[in-house]
Amino acid sequence: MSITVGRYLVDSLAANDIDTAFGIPGVHTLELYRGLAGSSLRHVLVRHEQGAAFAADGYARASGRPAAAFVISGPGLTNALTAVGQAYSDSVPLLVIASTPPRASLGKQWGVLHELRDQLALAERVFGFARSARSAADVRDHLRACLGSLRTGRPRPAYLEIPLDLLAEETDLRPERFAAASSLPAGEAERIEEAAQWLNGAQRPLLIAGGGARGAAGELRRIAEALDALMVTTAAGKGVLPEHHAANLGASLPYRETRELVASADVVLAVGTELAETDIYTATPLTLAGRLIRIDLDPAKLTDHYAAALPIQGDAQRTLAALAPKLSPRRGWGARIGGTAGVRARMEAAWSEPTRRMSAMLAAIRAALPADGIVCSDMTQIAYHGNYAFPVDLPACWFHPSGYGTLGFALPAALGAKIAAPQRAVLALAGDFGLQFTLQELMTAAEAALALPVVVWNNAALGQIRDDMIEARIAPLGVIARNPDFQALAGAFGVRAARVTDAATLTSAVREALDAAGPTLIEVVETNNHA
Ligand SMILES: Cc1ncc(C[n+]2csc(CCOP(=O)(O)OP(=O)(O)O)c2C)c(N)n1
Ligand SMILES: [Mg+2]
């Protein structure tokens with residue numbers, strides 16, 4: 001018996017462990033939704049396609065498993081692209097399934113509904129992997145390749161487009177489970193041996209761990225402790241070593257004290273990190289006077305502007321697991337400087353009053369969340385500070401739109417994370433302006449009855465940009481925003497709301513929100529502005 005290609009596609013996704021699709025149906029994707037009706041795949045109706053891709057992103061960050069986003073041709077895809085750009089830059093696997101106009105019209109510019117001049121070309125420039133199907137067999141082959149691309153090598157978002165007339169066609173193909181991807185490779189043995197020699201001979205070894213090292217927490221701890229090394233992470237690598245661990249300087253690359261330590265290290269081992277501008281957050285690049293070893297799945301990273309003296313291409317966990325037993329335990333640099341607490345105290349002593357207030361609010365959130373609680377943060381001052389100052393002791397608990405840096409990530413990513421990990425506490429942290437980019441997803445969270453605290457840092461301004469203008473001696477323009485009444489707005493969505501001005505009340509508001517039957521908008525009113 002034949003089935004439609006739409007049904008075949010949905011069942012193929014389910015057969016390959018994709019269990020959730022965030023999407024918005026349209027006349028171009030009706031046949032996908034006919035397919036969904038009888039399938040085990042869960043569909044979550046979002047309120048904007050940007051929300052669909054952000055939610056799939058949050059789902060993957062929280063669970064390590066990809067989800068799908070179902071979007072219509074043309075505007076469905078272009079709406080999703082900002083979130084795809086974010087997932088690309090933060091190495092997050094997700095799969096966007098888009099329709100296209102009918103095959104006969106493609107490339108002809110007849111002006112058919114939802115037409116783009118070249119939809120695939122657009123997708124190819126933003127996704128890591130993009131394919132266009134013209135037949136049922138193409139759907140099978142491209143889907144296998146898309147899923148393979150998500151599970152081998154550096155994770156990037158993948159894209160498959162299917163013309164709407166093809167989705168409606170019948171096929172005799174049967175959904176199948178594709179062969180499992182091969183496991184990720186460890187680095188070459190000789191290079192690992194050489195890295196061990198360098199590290200064993202180092203006087204001042206320092207480790208830098210990024211998001212690519214998230215799966216190697218145990219190995220990194222073993223290595224840091226054996227060498228008595230110092231450890232720095234990026235925001236994406238936060239928690240690979242508990243931030244309370246004496247070796248850990250945290251995500252402090254923007255701080256002068258840490259940069260001086262990096263500069264004075266004689267061997268730096270950088271694992272799963274781009275060492276990108278957005279990991280460092282100052283205008284000047286890192287000074288690396290010592291010898292640099294880099295471990296990365298992506299060979300392009302090994303020879304970029306921080307070219308490794310010893311490049312090792314491989315999976316972080318497997319490579320570090322091979323390296324760790326070769327290291328001779330000793331006391332060294334960490335002991336000499338008396339651990340990182342003193343360095344951190346010096347960094348923190350310079351904090352301004354408004355920064356201390358943000359710290360207090362971050363501590364209030366921390367106090368309400370269990371150790372494995374997840375925070376999805378937005379592009380807001382409290383989150384930039386939280387990249388360093390929100391303490392986490394486990395990897396993959398603090399998610400920030402680091403690379404692409406788009407506003408609007410926090411709320412939809414958090415709802416995706418909560419759907420992926422319903423048993424865990426998940427919280428969204430956004431600014432008053434950034435929240436409004438994807439605010440409509442509050443309705444999605446309400447409809448799904450997600451116990452999701454949505455904390456809004458309300459300084460009634462585009463605070464960071466205002467401060468940047470003041471520093472650059474530009475008269476503030478376009479940075480004082482008139483806000484909606486957030487309390488009334490929450491009411492319109494039918495969700496609970498709270499308004500807090502002090503840390504203790506914030507802790508209790510978050511605790512209550514974690515036990516609520518739906519989302520809670522918690523407005524934290526910042527009165528002590530920089531300006
Ligand atoms: C899509 C997008 N547009 C513009 C920006 C530039 N931008 C970065 S932060 C910011 C202000 C955000 O204000 P708010 O969310 O209130 O955070 P605050 O800085 O006040 O904490 C803007 C406009 C951006 N990062 N992304
Ligand atoms: Mg603001």
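The values are calculated or read from the model by the stated rules, or taken from the named source; none is laboratory data. Because the structure is predicted, anything quoted here is derived from the model rather than measured. A quick note on method: Cβ atoms are made from the backbone with ideal geometry, for glycine too, and the neighbour counts reach across all protein chains shown. Calculation scope for accessible area: heavy atoms of the full protein, side chains included, ligands and nucleic acids excluded. Shrake-Rupley method; radii C 1.70, N 1.55, O 1.52, S 1.80 Å.
When Asp393 is tested against (1) within 15 Å of ligand 2 (Cβ to nearest atom); (2) touching a Pro at 6+ places or on another chain (Cβ under 8 Å); (3) more than 18 Å from Val510 (Cα to Cα), exactly one condition is not met: (1). Entry remark, the range 386-405: residues being open to solvent by 20 Å² or more (accessible area, probe 1.4 Å) and either of a type in the set (D, E, K, R) or on the phi < 0 side of the Ramachandran plot (or both) number 7 in total. Could you grab me the full set of residues in the range 424-449 that are hydrophobic (A, V, I, L, M, F, W, C), more than 7 Å from ligand 1 (Cβ to nearest atom) and touching a strand residue (DSSP E or B) at 6+ places or on another chain (Cβ under 8 Å)? If the condition is that a residue be hydrophobic (A, V, I, L, M, F, W, C), more than 7 Å from ligand 1 (Cβ to nearest atom) and touching a strand residue (DSSP E or B) at 6+ places or on another chain (Cβ under 8 Å), then Ala425, Val426, Leu427, Ala428, Leu429, Leu442, Ala445, Ala448 are the ones that fit. Being closer than 17 Å to Arg357 by Cβ and of a type in the set (D, E, K, R) is the filter; apply it to the range 482-504 and report the residue that is nearest to ligand 1 (Cβ to nearest atom). Applying the filter and picking the extreme gives Arg499. For Asp432, the conditions (1) open to solvent by 10 Å² or more (accessible area, probe 1.4 Å); (2) of a type in the set (D, E, K, R); (3) within 16 Å of ligand 2 (Cβ to nearest atom) are fulfilled apart from (1).
Would the range 505-526 turn up any residue that is open to solvent by less than 50 Å² (accessible area, probe 1.4 Å), within 11 Å of ligand 1 (Cβ to nearest atom) and touching a His at 6+ places or on another chain (Cβ under 7 Å)? Within the range 505-526, none of the residues are open to solvent by less than 50 Å² (accessible area, probe 1.4 Å), within 11 Å of ligand 1 (Cβ to nearest atom) and touching a His at 6+ places or on another chain (Cβ under 7 Å). Listed by position, the strands (runs of 3 or more DSSP E) inside the range 1-84 whose residues that are open to solvent by less than 40 Å² (accessible area, probe 1.4 Å) number at least 3 are 20-23, 68-71. Of all residue pairs spaced 6 or more apart or on separate chains, those with beta-carbon atoms under 7 Å, a first member in the range 216-232 that is within 16 Å of Lys326 (Cβ to Cβ) and a second member that is open to solvent by 10 Å² or more (accessible area, probe 1.4 Å) and among the polar types (S, T, N, Q) are Ala216/Gln317; Glu219/Gln317.
The set of residues in the range 299-338 being assigned to a helix (DSSP H, G or I), more than 28 Å from the chain's Cα centre (by Cα) and of a type outside the set (A, V, I, L, M) consists of Pro325, Lys326, Trp333, Gly334, Arg336.
Here is a yes/no grid of residues against (1) in a loop (DSSP other than H, G, I, E, B); (2) within 16 Å of ligand 2 (Cβ to nearest atom); (3) at pLDDT 95 or above:
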site: Gln436; (1), (2), (3): no, yes, yes
site: Ala445; (1), (2), (3): no, no, yes
site: Leu450; (1), (2), (3): yes, no, yes
site: Asn483; (1), (2), (3): yes, yes, yes
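Residue-by-condition table, conditions (1) over 28 Å from Leu407 (Cβ atoms); (2) outside any helix (DSSP H, G or I); (3) open to solvent by 10 Å² or more (accessible area, probe 1.4 Å):
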| site | (1), (2), (3) |
| --- | --- |
| Tyr88 | no, no, yes |
| Pro93 | no, yes, yes |
| Ala104 | yes, no, yes |
| Gly111 | yes, yes, yes |
| Ala123 | no, no, no |
| Arg131 | yes, yes, yes |
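Criterion first (small (Gly, Ala, Ser), in contact with a Gly (Cβ under 9 Å, 6 or more places away or on another chain) and within 16 Å of ligand 2 (Cβ to nearest atom)) does Gly494 satisfy it? In short, no. Lys326 meets each of the listed conditions (1) at pLDDT 95 or above; (2) more than 30 Å from Ala425 (Cα to Cα); (3) buried (at least 17 other Cβ atoms within 10 Å of the Cβ) apart from (3). Quick check on Pro254: is it under 24 Å from Ile192 (Cβ atoms), open to solvent by 10 Å² or more (accessible area, probe 1.4 Å) and either without any contact (Cβ under 8 Å) to a residue 24 or more places away in the chain or in a loop (DSSP other than H, G, I, E, B) (or both)? So Pro254 does not fit the description; no.
Residue count for the range 452-468 satisfying the condition of being in contact (Cβ under 8 Å) with a residue 60 or more places away in the chain, within 16 Å of ligand 1 (Cβ to nearest atom) and either within 20 Å of the chain's Cα centre (by Cα) or not in a loop (DSSP other than H, G, I, E, B) (or both): 9. Scanning the range 139-169 for residues that are farther than 24 Å from Ala87 by Cβ, in a helix (DSSP H, G or I) and in contact with a Ser or Thr (Cβ under 8 Å, 6 or more places away or on another chain) turns up Arg140, Leu164, Leu166, Leu167, Ala168. Counting the residues of the range 368-378 that are without any contact (Cβ under 8 Å) to a residue 60 or more places away in the chain and open to solvent by 10 Å² or more (accessible area, probe 1.4 Å) gives 3. Looking only at residues in the range 282-298 that are assigned to a loop (DSSP other than H, G, I, E, B) and of a type in the set (A, V, I, L, M, F, W, C), the one that is least open to solvent (accessible area, probe 1.4 Å) is Leu286. Quickly run through the range 450-490 and pick out the residues that are open to solvent by less than 50 Å² (accessible area, probe 1.4 Å), of a type outside the set (A, V, I, L, M) and touching a strand residue (DSSP E or B) at 6+ places or on another chain (Cβ under 9 Å). Selection gives Pro453, Trp457, Asn458, Asn459, Gly463, Asn483, Phe486. Select from the range 362-385 the residues that are touching a strand residue (DSSP E or B) at 6+ places or on another chain (Cβ under 6 Å) and assigned to a helix (DSSP H, G or I) and write down the one among them that is nearest to ligand 2 (Cβ to nearest atom). Only one residue fits best here, namely Ile382. Restricting attention to the range 469-481, the residues that are without any contact (Cβ under 8 Å) to a residue 12 or more places away in the chain and more than 12 Å from ligand 1 (Cβ to nearest atom) total 6.
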